[in-house]
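Note sheet for the following structure.
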Amino acid sequence: MNERRLVERVRQMTDARIFFDHRKSSCSCLVVDISTKGARVRITDKHRIPDDLELYVPARQKAF
């Protein structure tokens, strides 16, 4: 399979938190891989996640 991404993703496998609704709501997730252009996450809670969100990764002490 050919990789079509312009930026290489790094496997992460770390817990993170998704904040939305102006930080009034959140849910836990698992970051599977991450790059400077995006991240692939697995959501563990059954929430409807909007397009506008903040991903906080404690292992990197950074919000995206």
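The values are calculated or read from the model by the stated rules, or taken from the named source; none is laboratory data. If you're wondering where the values come from, they're calculated on a predicted model, not measured in any experiment. Just the protein is used for accessible areas: all its heavy atoms, side chains included, with ligands, DNA and RNA removed. Shrake-Rupley method; radii C 1.70, N 1.55, O 1.52, S 1.80 Å.
Table for the structure above
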| quantity | calculated |
| --- | --- |
| Debye log10 I(q)/I(0) at q = 0.11, 0.24 Å⁻¹ for the chain, Cα point scatterers | -0.26, -1.05 |
| Rounded percent of accessible protein surface that carbon and sulfur make up, the chain, 1.4 Å probe | 46 percent |
| Extension gain (nm, one decimal) between Cys27 and Thr44, 0.36 nm per residue minus Cα-Cα | 5.3 nm |
